[in-house]
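Down below is the structure, laid out as structure tokens.
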Amino acid sequence: MTGRPDHDAGFAWVASCFGALIVGGFVLVLWAINNGHAPDQAASPYHLPLYLGVAALAVLGAARAIRAEARGVGWRRAFPPGFGLLGAGAATFIGALVLDLGWREGVGFSFGLEDSFAPSRVLLTIGLGMIAAAPLSAALQLGARRVPTIPILLSAALTLVALGWPGGFHPAENGWLAVDPALPQQPIDLWVMDADGGRQTRLIEAGEDAAFGYASWTPDGSRIAYTQFGFPASGIAASEAQIWSAASDGSDARQVVGGSEWRWIPRYTADGAWVMFTQEAQGGPWMEEGPVGPGVGAGPQGPLSIPLPNADIWRSPASGDGDAQRLTDSAGDDRAPVPSPDGSLVLFDSTRDGNTELYVMGIADSGPRRLTDDPGEDWGATWSPDGAQIAFNSSRSGEMEIYVMDADGTDVRQVTFDRGFNSSPTWAPDGSRIAFTARGPDDYGQIWSVAVDGSDRHNLSRSPSSDDQVWTGGWGPDGRIVFNRALPPPAEATPLARLDLGTAGMLLSIGLIAAVVVMLASTRPPIGSFTLVLVLATALIAVPNQEWRFVAAGLAAGVAADLAAWLAPERLRRRVTGAATAAAFVVTAGAVANATTGLEWTPTLVLGVAVAGAAIGWGVGVVASVDQRPEATEPP
């Protein structure tokens, strides 16, 4: 049984539409999961396009199978010749979904590679790849003239997308050859950026064995107070934390409060005359020495499992001249003072009554009044610009999330729902948005902003290789945000395992790219087709993690493929195209990494992998050329 050319063309469009809907839905799901919009990996509103597309394809396949049985040709011929991958892919994907649900509930997944390489996840990827590859497969079997060009190109791109994720091997999913985001980050400098995350600029650079953090603005935006930490080689017990301030452009940095004890987490009073801060024993909340408050406290770094030294709230003249004054003296730990916008009250967190709760007290003489009362840890609090509301972070839901309440402690509303670690909210000057630090499973932070009602979230850091943190006074009156950023270490500090796994991952990625490019070359696509396919595929793979920088590698590989297919001799065309594509992809990815977050691999390793990739691409072309029949350009 052979298909009619017009029927083949029509069904190619149907197949490509299903591929676009299902693979595009898969991209949407990954984006939602990576950006905290879909905490449940199996079910959310973002899963609807994927599931509806697979369901519709299953219904189509079932209807065509019933029709084929009725005609006496058998259900295996439900789809036109050459398009059998579509039905097989749908069946594989649905079966893998059922297996995945049972595997999650029965065996479970560990974080990391197991998420991608559990048997059910591998089958899901295979099913997606089969659905995506149906029009390209049909063109190779029936001849390119039986299948329109656009479905062929879309199929090639979607195949690369469907098979490009597992294990994070594609650079646009995980920049293996860029600097390592998982190693200890030093130094920790002060940076500023615009409210939308633009114009990120280093403001003050920390020296050796030093780090900056917990920065906040004066009410008029003219100066920034921050903590300067000193971490000598002798260990945390000898560490120091002092209060410094600098002009808003980073100049005129000077010490406000010194000493060997920890003096940190500064906030200016409403008139800018004083700096309030937390003072505790040398070593801060990570030391066991000193008086112990009732129960386990939390502090600005989250719940702690060791007894805490006594911490209290002090204030000192902002000029640095004059004596500091103690404002609290309780058996627990009082931390992170925040003066109210009108200057009459001080908001802070304390363990004086057990776990960490929020309190407010008058600057003059009124005693502290408790605002929160929950088994979870409540801290990281700050006033809204009009003083009517308080934003804070709390673990009352089981995870650390951002909340907002009225200034008297009533009407508590949850703002974030990430099941992660969201902390240190800071208000926009107009009170419409909140910026905060979101930490993922690797414990490295990114700064996000969200509307007060929890909608319209945006990643402001947009720097997955750095560790960023904003504090409660970080959003200044002029709209700029001051934050501390830890950049990755130099490449020579990289573990060998990362280089080995990164090299293997890159070779797997370019092997897949070369295979699809060689298959596409067999259909004799028009000039520019390879560029279109590789740019589209790399862009879609970049969507979940927003690694847009590596789209340039797809562009370079596509241009190299187009030139090779155009200039190479006929008998070598597939081999040269596969080799040129692989080499160009590796070299450009290395150049992009070097120009952005930094190149973790040495240039020698990049060039070596490029040569190996070219050999792989050439080998794929050789295998594809073993069949000496004419290439698929004419109908059989």
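What FRET efficiency comes out for the pair Asp196/Leu48, r = Cβ-Cβ distance, R0 = 41 Å, nearest 0.05?
Details: r = 30 Å, r/R0 = 0.72.
Using R0 = 41 Å, I get an efficiency of 0.90.
So for each of 507-515, 583-591, 402-410, 55-63 I average, over its residues, the number of other beta carbons within 10 Å; can you give me the resulting order with the highest mean first?
Details: 507-515: 23.8, 583-591: 25.6, 402-410: 17.7, 55-63: 15.4.
Averaged packing, sorted descending, gives the order 583-591, 507-515, 402-410, 55-63.
Find the all-direction average of the projected area of the Cα convex hull for the range 411-492, expressing the result in square nanometres with one decimal place.
6.1 nm²
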Q | Net charge of Cβ neighbours under 14 Å - reference Val161; Lys, Arg +1; Asp, Glu -1 | A | -2
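Rolling a 1.4 Å sphere over the protein heavy atoms, what is the accessible area per residue of the range 412-488, to the nearest Å²?
On the way: 2580 Å² over 77 residues.
Solvent-accessible surface per residue comes out at 34 Å².
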Q.
If I take every Cα pair under 8 Å that is 6 or more residues apart in the range 316-465, average their sequence separation and divide by the length, what percent do I get for the relative contact order?
A. 12 percent
Q.
Expected output is a single nm value to one decimal: the length gained when fully extending between Asp406 and Val611, i.e. 0.36 nm times separation in residues minus the C-alpha distance. What is it?
A. 67.5 nm
Q: With label points built 7 Å along Cα→Cβ from the Cα atoms of Asp342 and Ser260, find their separation and express it in nm.
A: 4.4 nm
Q) Once you charge only the Cβ atoms, +1 for Lys and Arg and -1 for Asp and Glu, what is the size of the charge dipole of the range 3-84 about its Cα centre, to the nearest 20 debye? A) 360 debye
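Can you give the FRET efficiency to the nearest 0.05 for Ala70 and Arg571, using r as the Cβ-Cβ distance and R₀ = 45 Å? Numbers along the way, then the final one.
Working: r = 48 Å, r/R0 = 1.07.
The pair Ala70/Arg571 has a calculated efficiency of 0.40.
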Q | Simple label model, 7 Å out from Cα along Cβ direction - Trp13 to Gln414, nm | A | 4.7 nm
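Taking the Cα centre of the range 353-428 as origin, work out the dipole magnitude from +1 charges on Lys and Arg Cβ and -1 charges on Asp and Glu Cβ, in debye rounded to 20.
Numbers: 5 positive and 14 negative charges, 24 e Å.
Dipole magnitude for the range 353-428 comes out near 120 debye.
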Q) With each pseudo-label sitting 7 Å past Cα toward Cβ, what's the His37-Asp478 distance in nm, one decimal? A) 3.4 nm
Q. Ranked from highest to lowest mean number of other Cβ atoms within 10 Å per residue, what is the order of the peptides 460-471, 314-325?
A. 460-471, 314-325
Q) Given Gly619, Val559, Gln546, which one lies farthest toward the positive end of the charge dipole of the range 503-636, if we put +1 on the Cβ of every Lys and Arg and -1 on the Cβ of every Asp and Glu? A) Gly619
Q: Provide the packing ranking of 546-552, 519-525, i.e. peptides ordered by the mean count of other C-beta atoms within 10 Å per residue, highest first.
A: 519-525, 546-552
(Q) Please compute the contact order of the range 521-599 in relative form: average sequence separation of alpha-carbon pairs under 8 Å and at least six residues apart, divided by the residue count, as a percent. (A) 31 percent
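Would you kindly state how much longer the chain becomes between Val98 and Asp373 on full extension, computed as 0.36 nm times their sequence separation minus their alpha carbon distance, in nm to one decimal? Write out the running numbers ahead of the final one.
Numbers: separation 275, 0.36 × 275 = 99.00 nm, distance 4.34 nm.
Once the chain is fully extended between Val98 and Asp373, it gains 94.7 nm.
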Q) Where the accessible area of the range 26-98 is counted over protein heavy atoms with a 1.4 Å probe, how much of it, in %, is carbon and sulfur? A) 67 percent
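Would you mind estimating how fast the range 357-443 diffuses translationally, via Stokes-Einstein at 4 °C and 1.567 mPa s with the Kirkwood radius over Cα pairs, in µm²/s?
On the way: Rh = 13.4 Å.
My calculation gives 97 µm²/s for D.
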Q. Taking the Cα centre of the range 385-477 as the origin, how large is its charge dipole in debye, to the nearest 20, when only Lys and Arg (+1) and Asp and Glu (-1) carry charge on their Cβ atoms?
A. 160 debye
(Q) Students often get this wrong: which residues of the range 413-446 have the backbone nitrogen under 18 Å from the point 7 angstrom along Cα-to-C-beta of Glu399? (A) 413-425, 436-446
Q: Can you check what the net charge comes to around Leu203, using other residues whose Cβ is under 14 Å from the Cβ of Leu203 (Lys, Arg +1; Asp, Glu -1)?
A: -2
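The values are calculated or read from the model by the stated rules, or taken from the named source; none is laboratory data. All of these numbers come straight from a predicted model, not from anything done at the bench. Please note: Cβ atoms are built from the backbone with ideal geometry, for glycine as well, and neighbour counts cover all protein chains shown. For accessibility, only protein heavy atoms count, side chains too; no ligands or nucleic acids. Shrake-Rupley method; radii C 1.70, N 1.55, O 1.52, S 1.80 Å.
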